[in-house]
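Heads up, the thing below is written out as structure tokens.
The values are calculated or read from the model by the stated rules, or taken from the named source; none is laboratory data. All values reported here derive from a predicted model rather than from experimental measurement. Heads up, the Cβs are rebuilt from the backbone with ideal geometry, glycines too, and the neighbour counts pull from every protein chain shown. Each accessible area value is taken on the protein alone, full model and side chains, heavy atoms only, with ligands, DNA and RNA left out. Shrake-Rupley method; radii C 1.70, N 1.55, O 1.52, S 1.80 Å.
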Amino acid sequence: MRVLSGIQPSGSLHIGNYFGMMRPMIAYQETSELYCFIVNYHAMTSVTDRDQLARGTIEAALDFLALGLDPEKAIFWVQSDVPEVTELTWILNNVTPVGLLLRAHSYKDKIAQGISPYHGLLSYPVLMAADILLYQSERIPVGQDQQQHLEIARDIAIKFNHTFGETFVIPEAEINPDIPTVVGIDGQKMSKSYNNTIDIFASEKQLQRNIGSIVTDSTPVADPKDPDKCNLFAIISLFLDEAEKSELAEQYRRGGLKYSDVKKELFARIWEYFGGAREKRQQLAADPEHVRKILDAGAVKARAKALPTLQLVRERVGLKY
Ligand code: ADP
Ligand code: TRP
């Protein structure tokens with residue numbers, strides 16, 4: 001099976017990205033043909049600072065490699081190193097109704113936040129569809145928030161196949177049913193745009209500060225508490241096995257539990273969980289040239305996979321004359 005997913009290099013990666021998308025995706029390198037890439041064209045819809053985009057791209061690559069992505073097992077590259085995806089985007093624009101894009105939640109949310117309605121932002125899902133279809137991807141592991149974008153990609157593929165003849169595989173989203181959405185320190189969805197994240201590679205101090213800011217209620221220590229209504233419980237659960245989770249839930253219900261103790265435990269768990277990756281990241285960061293070479297080699301492999309599809313598409317639509 002061909003599995004593909006990508007992430008924008010537009011800020012530090014957080015545990016929502018990790019549990020929602022990176023971990024399930026990286027696991028596929030053992031069993032499937034995995035395509036993993038850093039979507040820097042997409043990040044241009046929010047990042048206008050050149051250095052920030054360039055640095056963010058290398059940082060995201062370091063994150064993936066440190067967290068276990070193996071470039072020997074997966075194809076790992078930067079989106080703009082296979083610029084043919086923009087040609088496919090243009091072609092797909094012609095089977096994409098504007099109304100479909102105007103209905104996208106992500107677009108509407110961004111406009112509601114006061115972000116300027118540039119064409120790039122509106123056509124973001126078309127570029128994402130091109131990413132997916134160019135590699136004839138079958139399975140796309142993402143968090144819940146990307147579900148609509150995946151539906152748009154499917155609609156575009158179906159419309160294209162219908163108009164020009166069978167060309168694209170129809171992709172399917174894979175959303176982890178156990179962890180569709182990781183909550184942030186304020187109880188909303190964890191997202192870098194809400195400033196409520198716990199970053200995977202935060203420094204010790206920053207991590208302590210983040211965890212200290214997790215919002216809890218003001219139930220007195222002695223009283224029973226409801227674990228199912230507590231974001232601290234939801235977050236720490238990501239790092240507990242089933243038995244530990246039931247034991248902690250029991251302590252909540254029994255009363256006498258101090259949120260500050262749970263926060264200390266959460267800090268220890270996160271620090272330990274990502275300890276190996278943190279070390280590996282430091283080693284990789286010392287040699288950015290090595291990382292660039294990995295990405296260059298990945299782009300060569302990705303392009304070789306993309307070109308036959310693009311040739312077929314050009315033929316189907318009449319660009320070959
Ligand atoms: P952010 O919302 O922080 O900007 P992105 O949109 O860059 O994150 O998301 C990258 C990937 O991580 C996507 O597949 C997305 O669905 C997933 N993801 C992001 N936030 C969460 C979350 N809180 N819970 C689960 N998955 C998430
Ligand atoms: N839109 C996705 C996000 O913000 C990133 C993305 C771009 C993507 N192209 C993709 C994800 C293709 C999966 C497949 O998270």
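Computed values, structure above
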{"read-out": "Positive-end residue, the stretch 202-273 charge dipole about Cα centroid, Cβ charges, pick of S218, Y252, L232", "value": "S218"}
{"read-out": "Structure-based [θ]222 nm, the chain - -39500 (n - 2.57) summed over DSSP H runs of at least 4, per residue, nearest 500", "value": "-16000 deg cm²/dmol"}
{"read-out": "The stretch 94-206: relative contact order in percent, alpha carbon pairs under 8 Å with at least 6 residues between", "value": "22"}
{"read-out": "The stretch 50-171 shape via C-alpha gyration tensor axes, a/c threshold 1.5", "value": "oblate"}
{"read-out": "Restricting the stretch 100-203 to GluC sites (Glu not before Pro) in coil, as DSSP defines it, with at most 13 other Cβ within 10 Å", "value": "E166"}
{"read-out": "Percent carbon-and-sulfur accessible area, the chain, ignoring ligands, DNA and RNA, probe 1.4 Å", "value": "50"}
{"read-out": "Antiparallel DSSP beta bridges within the chain, as percent of all bridges there, nearest 5", "value": "10"}
{"read-out": "Percentage relative contact order, the chain, counting C-alpha pairs under 8 Å, at least six apart", "value": "23"}
{"read-out": "Top of D155, D226, D199 by mean-square fluctuation, Gaussian network on the chain, Cα under 10 Å", "value": "D226"}
{"read-out": "Cα-centred dipole magnitude for the chain, charges only on beta-carbon of K, R (+1) and D, E (-1), debye, nearest 20", "value": "620"}
{"read-out": "From phi via Karplus (6.51, -1.76, 1.60), per-residue ³J(HN,Hα) for the stretch 158-164 in Hz, x at Gly/Pro", "value": "5, 4, 5, 4, 5, 6, 10"}
{"read-out": "Surface accessible to a 1.4 Å probe, per residue, for the residues of the chain, Å²", "value": "49"}
{"read-out": "Where only alpha carbons of the chain are counted, the Rg and the Dmax (Å)", "value": "21.3, 79"}
{"read-out": "GNM result for the chain, Cα springs below 10 Å: residue of K301, K264, K189 fluctuating most strongly", "value": "K264"}
{"read-out": "Relative contact order of the stretch 202-273, pairs being alpha-carbon contacts under 8 Å that are 6 or more residues apart, as %", "value": "41"}
{"read-out": "Degrees between helix 259-273 axis and first principal axis of the chain (Cα, 0 to 90, nearest 10)", "value": "50"}
{"read-out": "In degrees, nearest ten, helix 50-66 long axis to first principal axis of the chain (Cα)", "value": "70"}
